[in-house]
1. Looking at 35, 51, which one is surrounded by 10 or more Cβ atoms within 10 Å (Cβ to Cβ), acidic (Asp, Glu) and modelled with pLDDT of 75 or more?
2. Suppose we keep only residues that are part of a helix (DSSP H, G or I) and small (Gly, Ala, Ser) within the range 1-38. Which one would you say is nearest to residue 55 (Cα to Cα)?
Amino acid sequence: MTEDQLVSRLEALSIEQLDNIQSKLLEKVQQRKAERERLKKLPPRTSNDLEALASMQDLDLSSLMRDAKRYS
């Protein structure tokens, strides 16, 4: 979807609909931040946890492994 298509779709919505969309987006952002904070406090236990932690932190796995080696 191009920016023009997005703008034209949003222009067709009412103020109430736009407010609802904004509220939902802000809620999702807060949920992701809370999840990231929760994962920061938990030490990874398996390789699956490392992959999940890396994806939540927007890190690649190699930099996460370097950090893990540095702290162990």
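The values are calculated or read from the model by the stated rules, or taken from the named source; none is laboratory data. What you see is a predicted model; the values in this text were computed from it and never measured. Positions of Cβ are backbone-derived with ideal geometry, glycine not excepted, and every protein chain shown enters the neighbour counts.
1. 35
2. This residue is 34.
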